[in-house]
Amino acid sequence: MSELQAGSPAGGVTPGTEPVSVRGALRGLYAVTPDLADTARLLALAEQVLAGKPALLQYRNKTADAALRREQARALQRLCRAAGVPFIINDDLALALEIDADGAHLGRDDGPPAAARTALGAQRILGLTCYSDWSRATEGAAVGADYIAFGAMFPSTTKPNAPPAPFALITRAKRELGLPVAAIGGITLANAAQVLAAGADLLAVVSDVFGADDPAARAAAYRALF
């Protein structure tokens, strides 16, 4: 498992911006941000979710341009560092490296996993979306991914066209690959127990957390499942 070290770039480290230690942290709620152009609203929601102590927070915004993504990512990173929660960038290795995020979560169109592992180094988290593709999961294990993710486990409003992934993939990955496994897609408090029973270590959730009336309480309720 990786452990992120607090580095000291030239001129020193700005307080509250040091990387977060992630040893032993890859189990629990994996909070994933919704597509929001309103940065103030996004940050307000994220602050509430972070109060519930997720294992990880991932920045994902498929509708923002590069400038807004950079602005939102930096702001979210500050919140995560203050909360002690590792901050992951979705589908953008270059941005993760640029802002010194705690890691990157990459899909099949985001470049070779081996190259991403090299670029991130041993001290940052590399997560891979494997969909329902066992060969991608084994590739991730071979190149040293820190976790692999399968989904969609259930019908998803975030990815309505995502093909389903069987629970058996999670169980097989836990048995054969020895990596933490994240489950993605349509997960709610009502169905989370089914995914955990299959062996999932991380529950990646967007709508059921960020869309809750009380995101902090909802995040804490997920944390209690572990």
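One residue stands out in the stretch 180-197 among those that are assigned to a loop (DSSP other than H, G, I, E, B) and free of Cβ contacts under 8 Å to residues at least 40 places away in the same chain: the one that is nearest to ASP133 (Cα to Cα), namely GLY185. Looking only at residues in the stretch 44-89 that are of a type in the set (Val, Ile, Thr) and crowded, with 19+ Cβ neighbours inside 10 Å, the one that is nearest to ALA182 (Cα to Cα) is ILE88. Of the numbered conditions (1) under 22 Å from GLU176 (Cβ atoms); (2) modelled with pLDDT under 95; (3) of a type outside the set (D, E, K, R), THR157 fails exactly one; give the number of that condition. All conditions are met except number (1). Among all residues of the stretch 188-206, there is none that is over 15 Å from GLY28 (Cα atoms) and under 19 Å from the mean Cα position of the chain (by Cα). Of all the listed residues (ALA145, ALA165), the sole one being buried (at least 21 other Cβ atoms within 10 Å of the Cβ), touching a Ser or Thr at 6+ places or on another chain (Cβ under 7 Å) and over 23 Å from LEU50 (Cα atoms) is ALA165.
Scan the stretch 215-226 and give yes if some residue there is farther than 15 Å from ARG27 by Cβ and not in a helix (DSSP H, G or I), otherwise no. No, the stretch 215-226 contains no residue that is farther than 15 Å from ARG27 by Cβ and not in a helix (DSSP H, G or I). On the given criteria, is ALA200 closer than 18 Å to ALA46 by Cβ, crowded, with 23+ Cβ neighbours inside 10 Å and either touching a strand residue (DSSP E or B) at 6+ places or on another chain (Cβ under 7 Å) or without any contact (Cβ under 8 Å) to a residue 40 or more places away in the chain (or both)? Judged against the criteria, ALA200 is not a match.
This table checks each residue for (1) in a loop (DSSP other than H, G, I, E, B); (2) modelled with pLDDT under 95; (3) of a type in the set (D, E, K, R).
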residue: ILE88; (1), (2), (3): no, no, no
residue: ALA94; (1), (2), (3): no, no, no
residue: GLU98; (1), (2), (3): no, no, yes
residue: HIS105; (1), (2), (3): no, no, no
residue: ARG117; (1), (2), (3): no, no, yes
residue: LEU128; (1), (2), (3): no, no, no
residue: SER132; (1), (2), (3): yes, no, no
residue: SER135; (1), (2), (3): no, no, no
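Evaluated against (1) out of contact with any strand residue (DSSP E or B) (no Cβ under 7 Å at 6 or more places or on another chain); (2) of a type in the set (Asp, Glu); (3) within 21 Å of ALA122 (Cα to Cα), GLU47 falls short on exactly one condition, (3). Against the test of being in contact with a helix residue (DSSP H, G or I) (Cβ under 6 Å, 6 or more places away or on another chain), among the aliphatic types (A, V, I, L, M), closer than 22 Å to LEU57 by Cα and modelled with pLDDT of 95 or more, the options VAL209, VAL195, VAL205, VAL143 yield a single qualifying residue, VAL209.
Scan the stretch 146-172 residue by residue and report those that are closer than 19 Å to LEU56 by Cβ, in contact (Cβ under 8 Å) with a residue 40 or more places away in the chain and in contact with a helix residue (DSSP H, G or I) (Cβ under 8 Å, 6 or more places away or on another chain). Once the filter is applied, which keeps residues that are closer than 19 Å to LEU56 by Cβ, in contact (Cβ under 8 Å) with a residue 40 or more places away in the chain and in contact with a helix residue (DSSP H, G or I) (Cβ under 8 Å, 6 or more places away or on another chain), the stretch 146-172 yields MET153, THR158. Condition check for VAL22 on (1) modelled with pLDDT of 95 or more; (2) surrounded by 15 or more Cβ atoms within 10 Å (Cβ to Cβ); (3) within 24 Å of ARG117 (Cβ to Cβ): one failure, at (1). Listed conditions (1) closer than 20 Å to ALA217 by Cα; (2) in a loop (DSSP other than H, G, I, E, B); (3) among the basic types (Lys, Arg) are all met by ARG41, apart from (2).
The values are calculated or read from the model by the stated rules, or taken from the named source; none is laboratory data. Quick caveat: nothing in here was measured; it's all calculated off a predicted structure. All Cβ positions, glycine included, derive from the backbone under ideal geometry; neighbour counts span all protein chains shown.
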